[in-house]
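The values are calculated or read from the model by the stated rules, or taken from the named source; none is laboratory data. Remember, predicted model here, so these are calculated numbers, not experimental data. Glycine also receives a Cβ, built like all others from the backbone with ideal geometry; neighbour counts cover every protein chain displayed.
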């Protein structure tokens, strides 16, 4: 923690995104002097979240493409064996959970799991290293863990929500989808308003729970890292201990997001 700054300032700085927003004077970045420039502005982009999520997505695609191009039928390289292990792990869990016929579900599950896991792993980098280097070139704020940004987690969950609606209508038809919302769980016309409330709430809760579960766990983990970093050199034992525990958290959150997505899409393919 730098001298002349209180603990509160240190925490706020590390939890502040680098943002650009549309103002009366054009598009502007928030600065150390005016960190709340974009607060409440709908036309705001969290630049750091976008940059690191796209960078990690590119690395994911590049790594798996590289493994596919260099794959051999003989003794595989360590990298190929690792990629095959990940694919087998995701494929087994998807096939055990999804009982419909859709060739997109396994690649979708793989993308969700690996991409989110890579985002979560950014949390293991000491909180002062990358923001400190960015500060040397004039970047006042930098959050390197995209999954600690609720906008990122909501965007992913809303994408899943769109797929749920799409496949529900595709597999059951518009009439079948409407019947699920209006005649379930009580199959009587008099209970339609009550059914709509129950089923509508359950449907809307899916993207909300997906996004907030991932965001809440990763944000809390990041906050703990920030608090540990405030201890200076004494942080090393605590940082190591928390990182060991957090490795499990990062894996579980990526796995849970993937499995819930597969479960929701499996339900969307079922016609009751």
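Restricting attention to the stretch 31-50, the residues being exposed (fewer than 14 other Cβ atoms within 10 Å of the Cβ), in contact with a strand residue (DSSP E or B) (Cβ under 6 Å, 6 or more places away or on another chain) and touching a residue at least 60 places away in the same chain (Cβ under 8 Å) number 0.
Every condition in (1) within 30 Å of residue 237 (Cα to Cα); (2) assigned to a loop (DSSP other than H, G, I, E, B) holds for residue 121 except the one numbered (2). Screening residue 102 against (1) part of a helix (DSSP H, G or I); (2) more than 30 Å from residue 12 (Cβ to Cβ); (3) in contact (Cβ under 8 Å) with a residue 60 or more places away in the chain leaves a single unmet condition, (1).
When 164, 130, 208 are checked against the criterion of being under 30 Å from residue 247 (Cβ atoms) and buried (at least 16 other Cβ atoms within 10 Å of the Cβ), a single residue qualifies: 130. The residues of the stretch 1-30 include none that are modelled with pLDDT of 90 or more, surrounded by fewer than 12 Cβ atoms within 10 Å (Cβ to Cβ) and part of a loop (DSSP other than H, G, I, E, B).
Output the residues belonging to the stretch 210-247 that are touching a helix residue (DSSP H, G or I) at 6+ places or on another chain (Cβ under 8 Å) and either on the phi > 0 side of the Ramachandran plot or without any contact (Cβ under 8 Å) to a residue 60 or more places away in the chain (or both). Of everything in the stretch 210-247, those that are touching a helix residue (DSSP H, G or I) at 6+ places or on another chain (Cβ under 8 Å) and either on the phi > 0 side of the Ramachandran plot or without any contact (Cβ under 8 Å) to a residue 60 or more places away in the chain (or both) turn out to be 210, 213, 217, 224, 228, 231, 235, 238, 242.
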